[in-house]
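One structure coming up, written as structure tokens, with questions to follow.
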């Protein structure tokens, strides 16, 4: 059952898929339409999931489920990953690659590979206050409050000691 993301409770479970590039306006519109269609039929053990798909910053596809009625099952999670793989293939983007770290520079999202983090910090491109996307958040509440955090409050804190 597709619902507006804003209507989901703060306890709704979220999965964040970060694109390796910024999506165009047309891609966002098309992916949002596909996401709404997927969400409308997304189910667990034959029960429709109260869910939403939203795209933030033209670079993050967020799947969310309000599990107060029905929890996502292994099979339903598998179907969501298949949906994401379909988006990857259709739009030639990488959404399942977890080797990139995303930062907000002004209004733009930039990404850096894990291997280059120390170099980026040493060169000053990333500092303690650089807004960093924490894609490990698991609830809508955390998405709103703990997703975009200063680098020094993220797992990158070890580089600033």
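Every read-out reported here was derived from the displayed coordinates using simple, explicitly stated rules and does not represent laboratory data. Worth saying up front: this structure is predicted, and the values here are computed from it rather than measured. For neighbour counting, all protein chains shown are included, and Cβ atoms are generated from backbone atoms with ideal geometry for every residue, glycine included.
Quick check: pseudo-label points 7 Å beyond the Cα along Cα→Cβ at residue 159 and residue 58, how many nm apart are they?
2.5 nm
Please report the relative contact order for the chain, taking Cα pairs under 8 Å with a sequence separation of at least 6, and give it as a percent rounded to a whole number.
It rounds to 25 percent for the chain.
Helix-only estimate, please: 222 nm mean residue ellipticity of the chain, summing -39500 (n - 2.57) across DSSP H runs of length 4 or more and dividing by its residues, to the nearest 500.
So the helix-based figure for the chain works out to -9500 deg cm²/dmol.
While we're on this one: Can you tell me how much longer the chain between residue 96 and residue 36 gets when fully stretched, taken as 0.36 nm per residue apart minus their C-alpha distance, in nm with one decimal?
19.6 nm
How would you order 78-86, 44-52 from highest to lowest mean count of nearby Cβ atoms within 10 Å?
Descending mean neighbour count gives 44-52, 78-86.
Would you mind checking the tilt of helix 25-41 against the longest principal axis of the Cα atoms of the chain, expressed as 0 to 90 degrees and rounded to 10?
Taking the Cα atoms of the chain, the angle to 25-41 is about 40 degrees.
Next question, about the same structure. Between residue 115 and residue 146, how high is the FRET efficiency from 1/(1 + (r/R0)^6) when r is the Cβ-Cβ distance and R₀ = 25 Å? Nearest 0.05.
0.45
How large is the direction-averaged shadow of the alpha-carbon convex hull of the chain, in nm²?
Answer in nm², one decimal: 9.6.
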